[in-house]
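Following: one structure in C-alpha cells, then a few remarks.
FYI, it's all coordinate maths here, none of it is from the lab. All figures in this text were calculated on a predicted structure; none of them were measured in a lab. Positions of Cβ are backbone-derived with ideal geometry, glycine not excepted, and every protein chain shown enters the neighbour counts.
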Amino acid sequence: MMIEHWALLSMLLGAAIFLLAGALSPIESFAWWAGWLDEDPASFPERDAEAFDGGKEERFFAVYLAGIDSIAGDKTTRRTERFLTLIEAAAPEVTIVSDVFPYAPSGRPLLAGPRLFLKTWRALYRLKLRRRSSILSNIINLRNLYQVLVSADHRYGPIFNAGAAHVILDALLRAGYDLEKAPPICIIGYSGGGQIAAASAEFLKAATGARITVISVGGIIASTPGVAALDMLHHLYGEKDSVQRLGAIMFPERWGVFPYSHWNLAKAQGRIQARCIGAMGHDRVGGYLGEGVDEDGEPFIRKTATAVAEVLKAETAAISACAQP
Amino acid sequence: MGVLSLLFETMRFHERGYDLLADSRALIALSFFIPFFAGASEMAGQSVTLVLNRVSRFRFAASLAFTGIVYILTAFIWALLTLLIASLFVSQAPPPLLVCSVIALSFGPRLFGMLTIAPYYGEFLGRLLDGWMIACAAHGIHALGLPGHVAAICSVAGWAIWSLSRNAGDKLLLPVIGRIEVFVAGSPLVLSSRNVSELIKERMAALQKAARDDD
C-alpha cells in the first residue's frame, strides 16, 4: 500500500515537473529578446576575416542541425561525425557547417554559462558520455523538444526562429559565406532540427536573399510561416520511423482540413517533396544514423548520407544550370 | 476553504455550488475577486506581448493587475447583459447580485490561464478554457432558474462581449481601456506576435544592407 502511494506520488511529481518545464520553456526566448542575456538580438553577425577562405564564396553551403539529443554545436556524437563525413565525401562541392546549437535562440550551448541549470546539464552530459542512465539523459531530449514546440508556436516562434536564423547565419559567415553574392543555403535538419531549419528560413531569407532549401531527415515539422519562405523542402523518411509521422498528427495545421495552411499550400505548389529512403527507424542502431543494415545489406547511416548527398548534388546541379548563360 | 469548494463545485457543473452561494453573502463578495485573479493569470500566460515590447518589471506587474480589473468590468457588463436578456424572456429576473456573482464564478476556469504560456498547445488550451468558461456561465444562469435557451443566449452574448474586450477592445469597443493600457505598460504595446516577424525581417534586411555596404 505504501509502495503504491509512493508510485502515485512519484508519477504526480513527474507530471508536475513535465508541465512546469513546458510552461517555463519559452522563458529563454523571452530573456534573449528582452536583452537580459547581455546580447543584442538586433546585432548582425560579423564575418570572421581569418576564417574566411576566399576560394569558397561560389560554393553551395549546407548547415547541419542535430536532433533533440544535441547539447552543444561542437559536441557532436561519433555517429553524427561519421554521417557528415559520408555526406562530404559524396558531395565534395558542398561546404558543410555543423557547429550550430539550434535549440537556443542565442545559440548558447547547454554546457556554456551563464545558465540556471548549467551544472545539471554538465552532469547529464557526463552521464551521456558514460552511456549511463538513459532516463536522466532523456531530460536533455525533453528540454530540446520543448524548444521545438516554442519554435512552432505562433506567439513565441518569431523571436525563437529569428534567434536561430542569427545563429545559423553567424556559423555561415564564420565558414566564409559571402553575403554579397548570397549563394544558396541548404539546411539539413535531423528530427527536431527539421522544424528549426524550416522555421528559421523566413528570417534567413530576409537576411541573405538567398535560395533556401531544407533537407529534413525524419524531421518533425509544423506548418510555420518559415515553410512559406522555403524554396524547397525535401523530407526524407524511413519506413519504420513512426516519430516523424507524429509531425503530421501533432500539428493540426498540417491536417488536410486546412488546405490554406503554410504547409498544405507549399505541398500543393510542389515545394515539399517526401521520399522514403529505406527501412530505418528514427534513432538508435536501427535509425537514420544507426549502424543497422537494410535488406540490401547497406548500413542505414550510409543510406541516409547517400540520400542527403543526392539531394545536395541535384540542388547544386540545378543552380549551376540556371547560372549558365 | 469556502471559496475553493465553491469554485470546485461550479467548475464541475454541480448545483451545490450555487446553493453555497445563495447561503453566504461573504462568498458572493469573494466571488468578485475571481475575475481579477483570472485576468492576472491570463495576462501572465499571454505575457509575450509585454516581453516583446520590453516593459519594466513594475509595469509588468501593473499590467497584470490592470487586466484583472478589466476582467471584473467585463464580468459586470456580462451580468448586466444577462439581466437585460432575461427581462425580455421571463417576468421575474433573478437577483442582480446573484447574477453578478454567478458570472464572476464562471471566470473560474480562466484561473488556469497562466498555463496558456506553454508552447504550441498553450493557444489550444486557451480555447478550451474559453469553452469551459462559457459552459460554466450557461450552467450557472440556468441554475438561477432561467430556461436553458435563455441561459445559452446570455452566455454566448457575454462571450461575445468578452472576446471583443480582449481582442479588439482598444480599437473598437473600449478606446479608453486601450489608452489606460498604454499608460500602465509605459509605452504603446505596438509589437504583437503578428507583426514582430515583419519587424525582425525588416531589421535583418537593413543590417544585411549595412553589412554589404561595409564590405
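Need one value for A:144-157: mean number of C-beta atoms belonging to other chains within 10 Å of its residues' C-beta atoms.
5
What nm value, rounded to one decimal, do you get for the distance between A:T77 and A:L246 when each label is placed 7 Å out toward the C-beta?
1.5 nm
Counting other beta carbons within 10 Å of each residue's own, what order do B:R110, A:R245, A:R59 fall into, fewest first?
Working: B:R110 25, A:R245 13, A:R59 18.
With the sparsest Cβ surroundings first, the list reads A:R245, A:R59, B:R110.
Quick one: which residues, 5+ away or cross-chain, put their amide H under 5 Å from the amide H of A:S216? H built at 1.01 Å from N.
A:G189, A:H234, A:H235, A:L236
Please state the charge dipole magnitude for the stretch B:2-190, taken about the Cα centre, from unit charges on C-beta atoms (+1 on K and R, -1 on D and E), reported in debye and rounded to the nearest 20.
Its charge dipole is roughly 460 debye.
Given R₀ = 51 Å, FRET efficiency for B:L128-A:S320 by Cβ-Cβ distance, to 0.05?
Details: r = 52 Å, r/R0 = 1.02.
About 0.50, to the nearest 0.05.
Pairs A:K240/A:K267; A:K75/A:K267; A:K181/A:K313: which are spaced more than 29 Å apart, C-alpha to C-alpha?
A:K75/A:K267
Quick one: 3J(HN,Hα) in Hz for the stretch A:16-29, Karplus 6.51/-1.76/1.60 with θ = phi - 60°, rounded, Gly and Pro as x.
Per residue, the Karplus-derived 3J(HN,Hα) values read 5, 5, 4, 5, 5, 4, x, 5, 8, 4, x, 5, 4, 5 Hz.
At a Förster radius of 51 Å, what calculated FRET efficiency corresponds to the Cβ-Cβ distance of B:S91 and A:Q269, to the nearest 0.05?
Rounded to the nearest 0.05, the efficiency is 0.25.
So what's the back-of-envelope 222 nm ellipticity for chain A, counting only DSSP H runs of four-plus at -39500 (n - 2.57) apiece and dividing by all residues, rounded to 500?
Rounded to the nearest 500, it is -15500 deg cm²/dmol.
For A:C186, which sequence-distant residues (separation of 5 or more, or a different chain) have an amide H within less than 5 Å of its own amide H, given hydrogens modelled in the peptide plane?
Amide H to amide H, under 5 Å and 5 or more residues apart or across chains, A:C186 pairs with A:F61, A:A62, A:V63, A:T213.
Per 0.36 nm of contour for each residue apart, how much would the distance between A:W6 and A:E93 grow if the chain were fully extended, relative to their Cα-Cα spacing?
25.5 nm
At 7 Å along Cα-to-Cβ for each site, give me the label-to-label distance between B:V156 and B:Y121 in nm.
If labels sit at B:V156 and B:Y121, their model points lie 3.1 nm apart.
Can you tell me the FRET efficiency between A:E239 and A:L142 if r is taken as the Cβ-Cβ distance and R0 is 22 Å, rounded to the nearest 0.05? Don't skip to the answer; put the middle values down first.
Numbers: r = 27 Å, r/R0 = 1.22.
Efficiency, from the Cβ-Cβ distance: 0.25.
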